[in-house]
């Protein structure tokens, strides 16, 4: 299905447009409304028709329903039309068409009085979509037809909304606390839903508009982008200094907010954010204001004196409508036919136990759309199926002698927020005690880790609250504990999380209370494609008395992966329970999905209409239904195990969750030997991760490295190296190449060999390398338009060649096939083909295009630029890739190609260097820009030039300025004074800082990222996005994100060893305090490089530093130990492996090597025979 862009406006409102006619007439600026004719709104009597409809749910009536999210869409053909019959003649002088992505390149607007004779009043040629504001001389017509002649896309024609005689407000001035450029304040009043205002990433932000003169207004529609306001106020002012609130929102949920208040008279209007709903800032597509006579109206069956019906829509929660008797009926009439999907009701001091919601299109015929029972006041979210309405009615159904019915505020939910199961679960979570549902249903981010098998396509999520999601898109299982007579949820306990031995990918969660502890431990067993995750729940007590206890599990049709992560609902339409004395089998949607031992004391399934299982759990009244059905997928299941818990006698339950249907090891045996099974798996993982050993005082850095190696293997699906278990379950060559580097340096080569073979099969015969292989196994499609670069990421060319080259360097020529080498040659020739696109014609002759000459064309480069830009990231990868191709050609005897590619590499480097200098000069900047067009400062992107060893293609002063500036920008965050939203790809900068000789800065940034981005800290992994507000319900990419993790691995390895210009650089990032303040010093062994393995140790005794290095590495230009600043004045005495050069670094030609470093004032005698007790010889690896 195509992505539906957010474009539209609602008729009958004061729409704050600056001017959006593209290509129709641009209107001159003026103060106040330009139009004199009344705006036309569909009261339900209009007759809408069209030449065709793409499919059900996309009819012509949806282009005049006042809802910006619905649309008409035609067949995928030219020459289609959309038409409205007003029913009687109307005076028209203009209209606005809000196109969906499938807009008309050419179209005509015609009018008629009888449907036979038509007059064209407007013609558009070469339109470009968006919002077309059309003005013409006043005419009288009964029918209007939009004749769509030529499509702009391969789809048909699609219109979100057509507005007639829309009131255009000109001379308005929008201003805000922040936001500029393409996110300036004016874009929230330009009538174009493809543009938006966006603020800084902080809570206290605001957007405001000056009407130019006082106006009476009575409501507001806010069309939020993804970054919405959860808590904000609508304020008015006559002088823009003193502001008065007229409406407060404390639990906003984004989409479209329809707010009623007043009426009030004001010149200025402000939307003042107090708390963001996501980790980003605030972002608004469009603001629309209601003014009389287009105000809502309220009336009631009866009114208590002083509490009239209008108080329910005045925006003031300190006033309310209240009925006289126990029953009451409140009606809200809307200014036009509007699509509704629900109500947000804030009750007053009294409320009905039972009530109903009805809607009407004509104020005569009413349809009941929702009922609620067992009401408890406060705030109710009521959702119903999307329906057009002119009025909504709230009716009490409980004449039980209460003091009446009182409503403090009614807020309408727009059609896109219609009833759906997930909305119902969110409403339940808000209404029930905290902790009864998964945390994200309360709009709080829950973090998770994974368990699984290398190469398997499924991984199980374990949340920090103890929720388990067996596989992608599945239900989740949530625990509860009843201890004696008290029920406990994740909200009532201290939660601890961790990994086996602190780094092995065998996670656990603990709930702790003073008198009991619940431990949740999963482990995945079996073979890829037939694996099962086993989860043990162990409830124990440290006390000395036996206690009656219950372990309760709820299996619900919601994922642990939240809706803002493209997770959310996981429908369970049918559930069946089959129990015997030993075990329970649970079937969901016709499949065996869970087994449990022992069999629970109680187990039941329930659809939502019969009651959510949490209510039975809360009431301690368990049921026995063994089956449930619900066509909407709202079936939940509960399980209760009861027993007496005493010291040494815990209550233990084990679940088996098959990840691929039936199969897997037998549950009873696993349950009986669960500890031994976990120990065996721990030993298996220990062996897998044993290729490299590092010993430093900050061992947490090493534990995180090892864990991320394991997570890389868990995220691998078959041969495909992937960066995540859920959202990023695809294989990018970019991620795979850099992750392969991390694996090779750790001595884990088999996954890289398989990945390289699989990706080689995807390279086209012309050398084009797809940048992604999708989850289903197919590559991204090829766009033949290489010049514009949309749909391309040209970094893929160099990354594939780099992957093959590094694999051969680490593992030898047998690691790749001859066809892979041929692919390398083709891929480089494709780079050359791309480069020629910027070497001819205008790029050669026009001085203003000099920055583009000889570099790669624009692309969406590392998903960084939309639209496509000339990204230097692509060029850096191409330069390094060509270098690898040269080495491969020489190694495989293809010398003519090697010589040819040598020249190509030199020329490309020269072009990139010239381009960078030109952009720096023209933009007046001091840093390395990310792309030509924007001259943007992106050090995390620039870091790749340093880490790939192609920094000579970059002006050196600008390169250093980029990273000095980056470090300076981090200062408030390094000091802990502020938090920020960012992506921990910044870990790449640590490696770049090390390679640039900025050791202290590198270590400070590394420690900062470890303390801030690794969360929860003891699961040792990072998400792709870190938000300033940790629990913000906002997109985090995926977790564990192992492209970020591979950047971490490569950064930490580079502290100890990396390659540069045929030399191995040693210890350039180590902290001298690790040596001087630690009797054991530091040691590393088995660290791989392209030249072989290297091990080393540095210790300090009596102020004398002792260096020892060994291994089989043989770099052509030898080794260099980069010394910390405080050691650079020391005297060097070689013990073994000379000759030695010294200064800021110690250079030596070969391994093994031993030397002493003596302080300048030292009188110690360092020469003589090396004493055995001075060094620990490293033999591992």
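Tell me, yes or no, whether the stretch 671-683 has at least one residue that is farther than 23 Å from residue 455 by Cα and buried (at least 21 other Cβ atoms within 10 Å of the Cβ).
yes
Which count do you get for residues in the stretch 727-749 that are surrounded by fewer than 22 Cβ atoms within 10 Å (Cβ to Cβ) and either modelled with pLDDT under 95 or within 27 Å of residue 1035 (Cβ to Cβ) (or both)?
4
If you go through the stretch 697-721 one residue at a time, how many are surrounded by 23 or more Cβ atoms within 10 Å (Cβ to Cβ) and part of a loop (DSSP other than H, G, I, E, B)?
Adding up the residues that qualify gives 2.
I need the strands (runs of 3 or more DSSP E) fully contained in the stretch 576-650, keeping only those with at least 1 residues that are within 29 Å of residue 540 (Cβ to Cβ) and modelled with pLDDT of 95 or more. Before you say what the answer is, go through the steps one by one.
On the way: elements: 584-588, 591-597, 602-607, 627-629, 635-645.
Counting at least 1 such residues, we get 584-588, 591-597, 602-607, 635-645.
Run residue 866 past the list (1) over 23 Å from residue 735 (Cβ atoms); (2) modelled with pLDDT under 95 and report the number of the one that doesn't hold.
(1)
Looking at the structure I just gave you, is residue 840 assigned to a helix (DSSP H, G or I) and assigned by TED's automatic domain parsing to the domain that holds residue 858?
no
Filter the stretch 443-462 for residues that are touching a helix residue (DSSP H, G or I) at 6+ places or on another chain (Cβ under 9 Å) and either assigned by TED's automatic domain parsing to the domain that holds residue 750 or within 14 Å of residue 567 (Cα to Cα) (or both) and give the result.
Within the stretch 443-462, 443, 445, 446, 447, 448 qualify.
Collect the residues in the stretch 876-894 that are touching a residue at least 12 places away in the same chain (Cβ under 8 Å) and either within 13 Å of residue 793 (Cβ to Cβ) or part of a loop (DSSP other than H, G, I, E, B) (or both), keeping them in residue-number order. Step through it out loud before you land on a result.
Let us first name the residues in the stretch 876-894 that are touching a residue at least 12 places away in the same chain (Cβ under 8 Å), namely 876-889, 891-892, 894.
Of everything in the stretch 876-894, those that are touching a residue at least 12 places away in the same chain (Cβ under 8 Å) and either within 13 Å of residue 793 (Cβ to Cβ) or part of a loop (DSSP other than H, G, I, E, B) (or both) turn out to be 877, 878, 892, 894.
What number of residues within the stretch 1037-1057 are in contact with a helix residue (DSSP H, G or I) (Cβ under 7 Å, 6 or more places away or on another chain) and over 21 Å from residue 495 (Cα atoms)?
Residues that pass the stated criteria total 14.
Every residue in the stretch 1072-1093 that is more than 19 Å from residue 1153 (Cα to Cα) and in a helix (DSSP H, G or I), please.
Within the stretch 1072-1093, 1072, 1073, 1074, 1076 qualify.
Mind telling me which of the residues 210, 239, 204 ends up being part of a strand (DSSP E or B) and surrounded by fewer than 19 Cβ atoms within 10 Å (Cβ to Cβ)?
Just one listed residue meets the conditions, 210.
So, restricting to strands (runs of 3 or more DSSP E) that lie completely within the stretch 404-473, which ones have at least 1 residues that are within 24 Å of residue 495 (Cβ to Cβ) and under 24 Å from the mean Cα position of the chain (by Cα)?
By residue number, 448-452, 459-463.
With the checklist (1) farther than 17 Å from residue 526 by Cβ; (2) under 33 Å from the mean Cα position of the chain (by Cα); (3) not in a loop (DSSP other than H, G, I, E, B) in hand, flag the one item residue 724 doesn't pass.
(3)
Scan the stretch 446-462 residue by residue and report those that are surrounded by 24 or more Cβ atoms within 10 Å (Cβ to Cβ) and over 23 Å from residue 592 (Cα atoms).
Correct list: 448, 449.
Considering the stretch 1094-1118 alone, what residues qualify as being at pLDDT 95 or above and not in a strand (DSSP E or B)?
Across the stretch 1094-1118, the qualifying residues are 1111, 1112, 1113, 1114, 1115, 1116, 1117, 1118.
Only residues in the stretch 1000-1021 that are closer than 30 Å to residue 1126 by Cα count as the first member; pair them with residues that are modelled with pLDDT of 95 or more and not in a helix (DSSP H, G or I), Cβ under 6 angstrom, at least 6 apart or cross-chain, and list the lot.
That search, which allows pairs on different chains as well, returns 1002/1069; 1003/1071.
For residue 134, state whether it is in contact with a helix residue (DSSP H, G or I) (Cβ under 6 Å, 6 or more places away or on another chain), assigned by TED's automatic domain parsing to the domain that holds residue 45 and assigned to a strand (DSSP E or B).
Details: in contact with a helix residue (DSSP H, G or I) (Cβ under 6 Å, 6 or more places away or on another chain): no; assigned by TED's automatic domain parsing to the domain that holds residue 45: yes; assigned to a strand (DSSP E or B): yes.
Spelling it out, it is not the case that residue 134 is in contact with a helix residue (DSSP H, G or I) (Cβ under 6 Å, 6 or more places away or on another chain), assigned by TED's automatic domain parsing to the domain that holds residue 45 and assigned to a strand (DSSP E or B).
State the number of residues belonging to the stretch 1061-1071 that are out of contact with any strand residue (DSSP E or B) (no Cβ under 7 Å at 6 or more places or on another chain) and in a strand (DSSP E or B).
Initially, the stretch 1061-1071 is screened for residues out of contact with any strand residue (DSSP E or B) (no Cβ under 7 Å at 6 or more places or on another chain), giving 1061-1062, 1069, 1071.
Now narrow it down to the ones that are in a strand (DSSP E or B): none.
Summing the residues that are out of contact with any strand residue (DSSP E or B) (no Cβ under 7 Å at 6 or more places or on another chain) and in a strand (DSSP E or B) in the stretch 1061-1071 gives 0.
Find the residue count for the stretch 60-81, including only residues that are farther than 19 Å from residue 336 by Cα and surrounded by fewer than 23 Cβ atoms within 10 Å (Cβ to Cβ).
Of the residues in the stretch 60-81, 6 are farther than 19 Å from residue 336 by Cα and surrounded by fewer than 23 Cβ atoms within 10 Å (Cβ to Cβ).
Test residue 150 against the criterion of being part of a strand (DSSP E or B) and farther than 24 Å from residue 190 by Cβ, and give yes or no.
On the way: part of a strand (DSSP E or B): yes; farther than 24 Å from residue 190 by Cβ: yes.
Criteria met by residue 150.
Within the group 551, 585, 577, which residue is free of Cβ contacts under 8 Å to residues at least 12 places away in the same chain and more than 33 Å from the chain's Cα centre (by Cα)?
585
The values are calculated or read from the model by the stated rules, or taken from the named source; none is laboratory data. Quantities reported herein were computed from a predicted structural model and do not represent experimental measurements. Quick reminder, even Gly has a Cβ in these numbers, built from the backbone with ideal geometry, and neighbours come from all protein chains shown.
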